[in-house]
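Novice: Handing you this structure, nothing more for now.
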Amino acid sequence: MIAARYLRREITFNLLAVSLVLLVIIMGGRLIKYLAEAAEGKLDPGVLLSIMAYRLPGFLELILPLGLFLGILLGYGRLYLESEMTVLHACGIGRPQVLRWTLKYSLLLAALIGLFSLVVTPWGLRQAAIILQQQSSAAALEHLTPGRFQKSSDQTRVTYIERLGQNKGEMENVFIAMPSGDGKQQVVIIAKQGRQQFDNEQQARYWVLQDGYRYQLLAGQLQQEHTRFSEYGARVEESTIAAEIDRAETLNTLQLLRFEQPERDWAHLQWRLSLPLMVLVVTLLAIPLAQVNPRQGRFAKLIPSILLYLAYLFLLSWARTQVLKGRLPAELGLVWIHLLFLVLGAALMWGPDWWRERQYRRMQAGQSSAQGSAT
């Protein structure tokens with residue numbers, strides 16, 4: 001239908017314009033951060049584009065719902081401002097018909113965002129995390145100076161390497177001193193050789209030491225525990241660039257469905273499902289909010305509407321955090337927020353008509369009673 005295509009074109013134009021601006025802002029900020037890391041020698045400039053490409057689906061899944069919301073507000077707001085929507089209503093195309101056409105459009109966008117959130121984004125974050133971790137490993141090795149005792153960034157570990165091998169990642173005569181897990185004892189590790197190894201599954205890097213001893217000492221006492229080893233793995237601290245991606249976000253959806261850690265898995269699974277569901281809810285919110293009086297102007301309800309959207313997104317993020325901390329029931333952690341805004345959208349959509357109809361019936365009843373009294 002011509003009217004349906006016209007409405008879709010209005011939404012699409014504004015959706016693309018808003019999303020493009022938001023994408024440039026978000027990716028620009030992230031790129032500046034990575035460029036600063038590259039300037040410090042923590043990242044190879046050659047991997048920046050790969051990292052940004054892998055993170056693009058994650059940006060889009062957050063930007064597109066807001067782009068659709070603003071696209072409906074701006075597109076339909078212009079139609080109300082120029083009385084085009086009034087003409088459509090006069091031709092028999094009421095708000096229910098507009099809602100059906102808009103929801104069909106939103107369903108396609110929700111399917112795309114669902115594909116991103118459930119499949120593409122976790123895969124992309126996993127690939128980006130691997131690159132960042134590998135860069136962190138390379139940077140950590142490059143910052144080690146043979147023949148010098150060096151402290152870690154948190155000042156808890158002291159490392160000494162006599163020399164680095166010709167092959168990248170190999171070390172000779174390694175000394176490491178660090179506190180034990182309980183912090184009461186000191187652990188000293190001495191090995192003849194070592195190398196760096198990256199574990200893709202755990203997304204962590206290790207120093208694999210060979211042919212050495214591990215001493216466990218207690219301050220002020222001569223007693224010690226020592227163990228000889230042929231191979232020993234010591235996990236290396238993560239840098240800030242490698243730790244910026246939460247490992248749970250890189251898990252694919254099938255892994256979350258195993259519910260090995262119920263709070264974590266429920267929180268992330270509901271978050272991934274919330275993004276496509278959010279598209280449908282904000283569509284129901286946006287259509288009545290887009291109705292403006294020509295005297296008010298096109299942007300009369302824009303700021304309150306954006307604040308409402310931000311409240312929706314903030315509550316979802318807050319609920320996910322509460323589920324992760326075990327403060328909200330895992331199975332219903334985010335569902336109640338969608339129901340709350342769904343009821344609000346239904347009230348905005350049909351509430352005024354219901355109220356006007358009720359007032360009309362009350363007036364009719366009053367007139368009937370008055371006529372009856374007169375007769």
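The values are calculated or read from the model by the stated rules, or taken from the named source; none is laboratory data. This one's a predicted model, so the numbers in the text were calculated from it and none came from an experiment. Neighbour counts are summed over all protein chains in view; Cβ atoms, including those assigned to glycine, are modelled from backbone coordinates with ideal geometry. Heavy atoms of the whole protein, side chains included, go into the accessibility calculation; ligands, DNA and RNA do not. Shrake-Rupley method; radii C 1.70, N 1.55, O 1.52, S 1.80 Å.
Novice: Report the extension gain between residue 184 and residue 291 in nm, rounded to one decimal, defined as 0.36 nm multiplied by the number of residues separating them, less their alpha carbon distance. Write down the numbers at each step before the final one.
Specialist: Values: separation 107, 0.36 × 107 = 38.52 nm, distance 6.66 nm.
The residue 184-residue 291 span can extend by a further 31.9 nm.
Novice: Need one number: nm distance between label points at residue 358 and residue 192, each 7 Å from Cα along Cα→Cβ, rounded to one decimal.
Specialist: Distance between label points: 8.7 nm.
Novice: Net charge within 15 Å of residue 173 by Cβ-Cβ distance, Lys/Arg positive one each and Asp/Glu negative one each, not counting residue 173 itself? Present the calculation step by step, with values, prior to reporting the outcome.
Specialist: Details: positive: 148, 163, 192, 195; negative: 162, 170, 172, 211.
Taking every Cβ under 15 Å from that of residue 173, the sum is 0.
Novice: Under 5 Å between amide H atoms, partner at least 5 residues away or on a different chain: which partners does residue 328 have, H built in plane at 1.01 Å?
Specialist: 323
Novice: Now for a separate question. Quick one: if the Förster radius is 35 Å, what FRET efficiency do residue 36 and residue 5 give, using the C-beta to C-beta distance and rounding to 0.05? Before the final figure, lay out each step's value.
Specialist: Values: r = 46 Å, r/R0 = 1.32.
About 0.15, to the nearest 0.05.
Novice: Which shape class applies to the range 278-330: rounded if a/c is under 1.5, otherwise prolate when a/b exceeds b/c and oblate if not, where a ≥ b ≥ c are the square roots of the Cα gyration tensor eigenvalues? Display every interim value, and only then the final one.
Specialist: Working: a/c = 5.73, a/b = 2.96, b/c = 1.94.
Because a/c hits 1.5 or more and a/b exceeds b/c, the range 278-330 counts as prolate.
Novice: Sorted by mean Cβ packing within 10 Å, highest first, what order do the peptides 66-77, 271-282 take? Each step should come with its number before you reach the end.
Specialist: Values: 66-77: 24.4, 271-282: 21.6.
Descending packing order for the listed peptides: 66-77, 271-282.
Novice: Same structure, new question: Past the 28 Å Cα-Cα mark, which pairs from 33/184; 151/192; 33/104?
Specialist: Working: 33/184 38 Å; 151/192 20 Å; 33/104 39 Å.
Pairs exceeding the cut-off: 33/184; 33/104.
Novice: Here's another thing I want to ask about it. Taking K and R as +1 and D and E as -1, what net charge do the other residues with C-beta under 13 Å from the C-beta of residue 26 add up to? Write down the numbers at each step before the final one.
Specialist: Numbers: positive: 30, 33, 55; negative: 61.
Local net charge: +2.
Novice: With every protein chain kept in the model, how would you rank 226, 89, 338 by accessible area, 1.4 Å probe, largest at the top? Write down the numbers at each step before the final one.
Specialist: Details: 226 110, 89 70, 338 15 Å².
These residues rank, largest area first, as 226, 89, 338.
Novice: Based on the Cβ-Cβ distance from residue 49 to residue 211, what FRET efficiency comes out when R0 is 56 Å, to the nearest 0.05?
Specialist: On the way: r = 42 Å, r/R0 = 0.74.
FRET efficiency, residue 49 to residue 211: 0.85.
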